[in-house]
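Asker: Can you keep this structure in mind? I'll have questions shortly.
The values are calculated or read from the model by the stated rules, or taken from the named source; none is laboratory data. Just so you know, these numbers come straight off a predicted model, no measurement behind them. Quick reminder, even Gly has a Cβ in these numbers, built from the backbone with ideal geometry, and neighbours come from all protein chains shown.
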Amino acid sequence: MSQHATGYRSVFREGLFAEKVIVVTGAGSGLGRCTAHELASLGARIALIGRSEEKLNTVRAELAQDHGEPSGGHRVYPCDIRNEQQVRDTVGRIVAELGRIDGLFNCAGGQFPAKLEKISLNGWDAVVRNNLHGTFLMSRECYTQWMQSHGGAIVNMLADIWGGMPGMGHSGAARGGVWNLTETAACEWGHAGVRVNAVAPGWIASAGMDSYDEAYRALLRSLKQKVPLQRFGTESELASAAVFLLSEASAFINGTVIRVDGGVPNARHSWPLPPAERTIQYNGFPRYQAPAGLQDDAAP
């Protein structure tokens, strides 16, 4: 394992992404922020994308403080990924200012808990546009403006959608669309040396959990007993899977999904899960803080 000056502990070799430019959406917080840190610790220049310029600037300052400034530096690009023209212009700026795009992590997304019959068309549209349309627009523009002629790697964000997603049907439908988009793009763009894969997190103790109301946080606190590994995941455990798929080590992996969920889809009602006797938790991110609503539950 490489040990960096800040204490960031990555399982990948130092300098793995030296001279590479990686675009990370949703980079202002949570999983996007953590992944940006891991990539920066490995030498990448990061194009940080999100809607809040203030949050992006905070993460950019963290990257410079923790990992130093690579040649050309990290850059902040406020952008609403649901807006086609903004996405087109933003990707054009990245190519012009950073000179290349070697990887894209489509981490941005969002949803809210609701039964299907309670979801308005506006609510449905907002989630689908963010999770599905935004992923498509970012992928298409990175491909047409750079990767089509130079190759690259794209990693999309799914979720624990296997067997449906009751309580978040809008997000499940959108993520299901991203899954099919991932497989389609892997076929259509493979000839150009572009690999397209996805990560599917289960219940990761990330800052995004704090956006839910107390009733839903109470439900979340009960969920680790339904995980065969009997715990929540960390941001680093999801980030490391995305980083692997962006790296040269996955050069023959295309159109696939890595589940980062502790085995949740494999749990069965016919098999009572015994209490965990032991588990290994990986957390390489020294700035990581468990969600406020799960402080006591995020530990193994």
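Asker: Looking at (1) out of contact with any Cys (no Cβ under 7 Å at 6 or more places or on another chain); (2) surrounded by 21 or more Cβ atoms within 10 Å (Cβ to Cβ); (3) of a type in the set (A, V, I, L, M, F, W, C), which is the only condition Ala218 fails?
Answerer: The single condition Ala218 does not satisfy is (2).
Asker: If you go through segment 105-124 one residue at a time, do you hit one that is touching a Gly at 6+ places or on another chain (Cβ under 6 Å), surrounded by 15 or more Cβ atoms within 10 Å (Cβ to Cβ), at pLDDT 95 or above and not small (Gly, Ala, Ser)?
Answerer: Within segment 105-124, one or more residues are touching a Gly at 6+ places or on another chain (Cβ under 6 Å), surrounded by 15 or more Cβ atoms within 10 Å (Cβ to Cβ), at pLDDT 95 or above and not small (Gly, Ala, Ser).
Asker: Further, regarding this structure: Hey, could you check segment 37-48 for residues that are free of Cβ contacts under 8 Å to residues at least 60 places away in the same chain and not in a loop (DSSP other than H, G, I, E, B) and say which is surrounded by the fewest Cβ atoms within 10 Å (Cβ to Cβ)?
Answerer: Arg45
Asker: For Phe112, indicate whether it is part of a loop (DSSP other than H, G, I, E, B) and either over 19 Å from the mean Cα position of the chain (by Cα) or within 18 Å of Ala241 (Cβ to Cβ) (or both).
Answerer: Considered against the rule, which asks whether it is part of a loop (DSSP other than H, G, I, E, B) and either over 19 Å from the mean Cα position of the chain (by Cα) or within 18 Å of Ala241 (Cβ to Cβ) (or both), Phe112 comes out as no.
Asker: So Glu69 clears everything in (1) without any contact (Cβ under 8 Å) to a residue 24 or more places away in the chain; (2) over 20 Å from Ile101 (Cα atoms) except one condition, right? Which one?
Answerer: Tallying (1) without any contact (Cβ under 8 Å) to a residue 24 or more places away in the chain; (2) over 20 Å from Ile101 (Cα atoms), Glu69 fails exactly one: (2).
Asker: Could you figure out which of (1) at pLDDT 95 or above; (2) under 17 Å from Ala173 (Cα atoms) isn't true of Cys79?
Answerer: Cys79 satisfies all of (1) at pLDDT 95 or above; (2) under 17 Å from Ala173 (Cα atoms) except (2).
Asker: Something else now. Checking Ala96 against (1) under 19 Å from His37 (Cβ atoms); (2) modelled with pLDDT of 95 or more; (3) in a helix (DSSP H, G or I); (4) not basic (Lys, Arg), which single condition isn't satisfied?
Answerer: (1)
Asker: Taking segment 59-89, which residues are more than 27 Å from Tyr8 (Cβ to Cβ) and not in a loop (DSSP other than H, G, I, E, B)?
Answerer: Listed by number, the residues that qualify are Glu84, Gln85, Gln86, Val87, Arg88, Asp89.
Asker: Do we find a residue being buried (at least 22 other Cβ atoms within 10 Å of the Cβ) and either outside any helix (DSSP H, G or I) or out of contact with any Phe, Trp or Tyr (no Cβ under 9 Å at 6 or more places or on another chain) (or both) anywhere in segment 177-194?
Answerer: Within segment 177-194, one or more residues are buried (at least 22 other Cβ atoms within 10 Å of the Cβ) and either outside any helix (DSSP H, G or I) or out of contact with any Phe, Trp or Tyr (no Cβ under 9 Å at 6 or more places or on another chain) (or both).
Asker: Next question, about the same structure. Here's a check for you: in segment 1-35, which residue that is touching a Gly at 6+ places or on another chain (Cβ under 9 Å), assigned to a loop (DSSP other than H, G, I, E, B) and of a type in the set (D, E, K, R) is modelled with the highest pLDDT?
Answerer: Here the residue is Lys20.
Asker: Tell me, yes or no, whether segment 278-292 has at least one residue that is within 29 Å of Gly177 (Cβ to Cβ), at pLDDT below 95 and not charged (D, E, K, R).
Answerer: yes
Asker: Of everything in segment 9-29 that's over 20 Å from Arg75 (Cβ atoms) and within 18 Å of the chain's Cα centre (by Cα), which residue is surrounded by the most Cβ atoms within 10 Å (Cβ to Cβ)?
Answerer: Once the filter is applied, the top-ranked residue is Ser10.
Asker: Does segment 131-156 hold any residues that are of a type in the set (D, E, K, R) and either closer than 19 Å to Leu39 by Cα or buried (at least 22 other Cβ atoms within 10 Å of the Cβ) (or both), and which are they?
Answerer: Glu141
Asker: Here's something else I'd like to know. Please work out which residue is modelled with the highest pLDDT, limiting yourself to segment 207-230 and to residues that are of a type in the set (S, T, N, Q) and over 18 Å from Ile280 (Cα atoms).
Answerer: It comes out as Ser222.
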